[in-house]
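The block underneath contains the structure these notes are about, expressed in structure tokens.
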Amino acid sequence: MLIKRDQDRKLRGEDIPSSEITAERLYLDRRAFIAGAAALALAPSGVRAESHLAPLKATKNPAFTLPDALTSYKNVTSYNNFYEFGTNKEDPERLQASLKTRPWTVKVEGLCAKPKSFDIEELLKFSLEERVYRLRCVEAWSMVIPWIGFPLKDLLKRVEPTGQAKYVEFTTLVNPDMFPGQKRGFFGFSLDWPYTEGLRLDEAMHPLTLMTVGLYGQVLPNQNGAPFRVVVPWKYGFKSGKSIVKIRLTADEPKTAWNKAAPSEYGFYSNVNPQVDHPRWSQATERRIPEVRRRETLMFNGYGDQVASMYTGMDLKKFY
Ligand SMILES: Nc1nc2c(c(=O)[nH]1)N[C@H]1C(S)=C(S)[C@@H](COP(=O)(O)O)O[C@H]1N2
Ligand SMILES: [Mo]
């Protein structure tokens, strides 16, 4: 997030030729046509290469749709922040193949009566929904993504948090063989691995907080945080930790990777707030990838009706 130099260059070059039909188009076609096969038959060969991931069935949840146009599959999967692969937006797509998502276990532990390790196959059997959410990066760009997942509360309830549990900590995999950015001697900006993030327990239990396993009708692409990634749509994107291996219930506010790296720039709460600028740039507006024009950033990323009450009485300039 500290490095912005590639953004404009990358964005300008990113327009998709109209001749190229993306997985997004395929996805929309699938919805539009009863015969999905017809859409596949019409697609040029390039499409199949882009949508090789396993399809994932999920029930569309009509309570979580948006009037906004979806960001293209191409943009969602080629303009990423995933510093385990490097700091450039194109690094995650370019280097993603080294991440192996099987076998994969997620430990849910800490202050709970029934700590448990969940195999990824077990997590895929949770009741999966499709929800369209905005994701607003702290760098002042945003996307609109059809995620597939289930509310985190469904998982937390299974382990029965104790009365002492006040926070939830998320930990991303550490494995330098899979993540070049974690290698010793990696040349470039590096975080203190593992990437950790955290939420207050009420935020974690909020129905909007989604544990995701897919997007655009398929399993998560590696670059988007496969195989298991949290999505917190009213907070800046960095709160949505990728490739999660541990979820821990704690009494104290967890340390978070970006807060450790630059405490004056990235706080624990990190709610999207157009009124509180980042020390080095405004948060009042944003660019919807791949647009150039700016639009106004909405308080809590547009989810204020659902989440504002959790912060009643808090000074959001202080708890940024
Ligand atoms: N483990 C890990 N999770 C991460 C990041 C990261 O570098 N490592 N980047 C964050 C940031 S800054 C953003 S904006 C989103 C980007 O998600 P996307 O690439 O799927 O759009 O992932 C977040 N989760
Ligand atoms: Mo971000």
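The values are calculated or read from the model by the stated rules, or taken from the named source; none is laboratory data. These figures come from a predicted structure and were not determined experimentally. Neighbour counts are summed over all protein chains in view; Cβ atoms, including those assigned to glycine, are modelled from backbone coordinates with ideal geometry.
Just to check your reading of the model, which residue among 174, 168 is assigned to a loop (DSSP other than H, G, I, E, B) and of a type in the set (Val, Ile, Thr)?
Checking each option against the conditions leaves just 174.
Which numbered condition trips up residue 168, out of (1) surrounded by fewer than 24 Cβ atoms within 10 Å (Cβ to Cβ); (2) within 25 Å of residue 316 (Cβ to Cβ)?
Only one criterion is unmet by residue 168, namely (1).
Select from the stretch 274-317 the residues that are more than 20 Å from the chain's Cα centre (by Cα) and closer than 17 Å to residue 203 by Cβ and list them in ascending order.
Once the filter is applied, which keeps residues that are more than 20 Å from the chain's Cα centre (by Cα) and closer than 17 Å to residue 203 by Cβ, the stretch 274-317 yields 305, 308, 309, 310, 311, 312, 313, 314, 316.
Specify which of the listed residues (288, 294) is under 25 Å from residue 83 (Cβ atoms) and either within 16 Å of ligand 2 (Cβ to nearest atom) or touching a strand residue (DSSP E or B) at 6+ places or on another chain (Cβ under 6 Å) (or both).
On inspection, the qualifying residue turns out to be 288.
Please go through (1) of a type outside the set (Lys, Arg); (2) within 15 Å of ligand 1 (Cβ to nearest atom); (3) within 23 Å of residue 286 (Cα to Cα) for residue 106 and return the number of the only condition it doesn't satisfy.
Against the list (1) of a type outside the set (Lys, Arg); (2) within 15 Å of ligand 1 (Cβ to nearest atom); (3) within 23 Å of residue 286 (Cα to Cα), residue 106 comes up short only on (3).
Rundown of residues vs (1) of a type in the set (Lys, Arg); (2) modelled with pLDDT of 95 or more; (3) in contact with a helix residue (DSSP H, G or I) (Cβ under 9 Å, 6 or more places away or on another chain), yes/no style:
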residue: 227; (1), (2), (3): no, yes, yes
residue: 232; (1), (2), (3): no, yes, yes
residue: 248; (1), (2), (3): yes, yes, no
residue: 270; (1), (2), (3): no, yes, yes
residue: 280; (1), (2), (3): yes, yes, no
residue: 305; (1), (2), (3): no, yes, no
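Yes or no: the stretch 209-228 includes at least one residue that is in a loop (DSSP other than H, G, I, E, B), surrounded by fewer than 19 Cβ atoms within 10 Å (Cβ to Cβ) and out of contact with any Ser or Thr (no Cβ under 8 Å at 6 or more places or on another chain).
No; the residues of the stretch 209-228 include none that is in a loop (DSSP other than H, G, I, E, B), surrounded by fewer than 19 Cβ atoms within 10 Å (Cβ to Cβ) and out of contact with any Ser or Thr (no Cβ under 8 Å at 6 or more places or on another chain).
Considering only residues that are aliphatic (A, V, I, L, M) and in a strand (DSSP E or B), which ones fall in the stretch 96-127?
Residues satisfying the conditions are 106, 108.
Condition (residue is assigned to a helix (DSSP H, G or I), at pLDDT 95 or above, crowded, with 17+ Cβ neighbours inside 10 Å and more than 16 Å from ligand 2 (Cβ to nearest atom)) applied to the stretch 128-147: is it met by at least one residue?
No, the conditions are met nowhere in the stretch 128-147.
For the stretch 287-301, enumerate the residues that are in contact (Cβ under 8 Å) with a residue 12 or more places away in the chain, in contact with a Leu (Cβ under 9 Å, 6 or more places away or on another chain) and on the phi < 0 side of the Ramachandran plot.
287, 289, 290, 292, listed by residue number.
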